[in-house]
Amino acid sequence: TDLIRKLSSNWLGNSHFLLRKRPFEEAVFAHQEGKCVLSIHALLPQLEGIITDWLYARSQKDNIPWRQESKTKKFRDLISEKQMSYYSFQRIIDLTLDFIISGPVLSTFKQWTMSVDNTFPNRNIVEHGKYEDSVYTEENSIKLFLLLDTIYDIISAEK
């Protein structure tokens, strides 16, 4: 919990994260209290919001896609263009955004009765209200904090 508190307090140095200070503080509190349903519900939409805010700050407003998958791909393309760094950092960008786009974060949810992958909170399942208790674990809450921290590092490295 100290690590999560420290990570999330570092985020406040970035305007896109600072804007979300309250949901982050409440997510940290919920996580500390073992209320992982609350922390996951507070954090997951912020991932999309941060990426969208970053896009609006960096590109023409009429060029920003509507769907989250398309926004994340555009984010990947733009952030990769801006990076003039080491291969290892570009690899982190590629793997992280592939995890979001092709992995469990944005995986398709087409049938309400289908079984749920509980290895990571899925945006569609969580935000459309399909409740599966096995998704709302302390481990998944931590994974979501770590994913947000990786996005913070990617965005911060742009400078």
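The values are calculated or read from the model by the stated rules, or taken from the named source; none is laboratory data. Here the structure is a predicted model, which means the values were calculated and not measured. Reconstructed Cβ throughout: ideal geometry from the backbone, glycine too, with neighbour counts over all protein chains shown. Only protein heavy atoms, including side chains, enter the accessible area calculation; ligands, DNA and RNA are left aside. Shrake-Rupley method; radii C 1.70, N 1.55, O 1.52, S 1.80 Å.
Whenever a residue of region 33-58 is more than 26 Å from Ser156 (Cβ to Cβ), its partners that are in a helix (DSSP H, G or I) and open to solvent by 10 Å² or more (accessible area, probe 1.4 Å), lying with C-beta atoms within less than 6 angstrom and at least six residues away or across chains, give the pairs Cys36/Glu138.
All conditions but one from (1) surrounded by fewer than 14 Cβ atoms within 10 Å (Cβ to Cβ); (2) farther than 30 Å from Lys130 by Cα apply to Leu12; the one that does not is (1).
Residues of region 16-32 that are free of Cβ contacts under 8 Å to residues at least 24 places away in the same chain and open to solvent by 50 Å² or more (accessible area, probe 1.4 Å): Leu18, Lys21, Arg22, Glu25, Glu26, Phe29. What's the number of the only condition in (1) touching a residue at least 40 places away in the same chain (Cβ under 8 Å); (2) of a type outside the set (Asp, Glu); (3) in a loop (DSSP other than H, G, I, E, B) that Trp66 fails to meet? So the condition that Trp66 fails would be (1). Scanning region 93-121 for residues that are of a type in the set (Val, Ile, Thr), at pLDDT below 90 and farther than 20 Å from Ile40 by Cβ turns up just one, Thr113.
When Ile64, Ile4 are checked against the criterion of being under 16 Å from the mean Cα position of the chain (by Cα) and either farther than 20 Å from Asn140 by Cβ or of a type in the set (Val, Ile, Thr) (or both), Ile4 stands alone in meeting it.
I'd like to check something: does region 35-54 contain any residue that is more than 27 Å from Arg5 (Cα to Cα) and not in a helix (DSSP H, G or I)? No, region 35-54 contains no residue that is more than 27 Å from Arg5 (Cα to Cα) and not in a helix (DSSP H, G or I).
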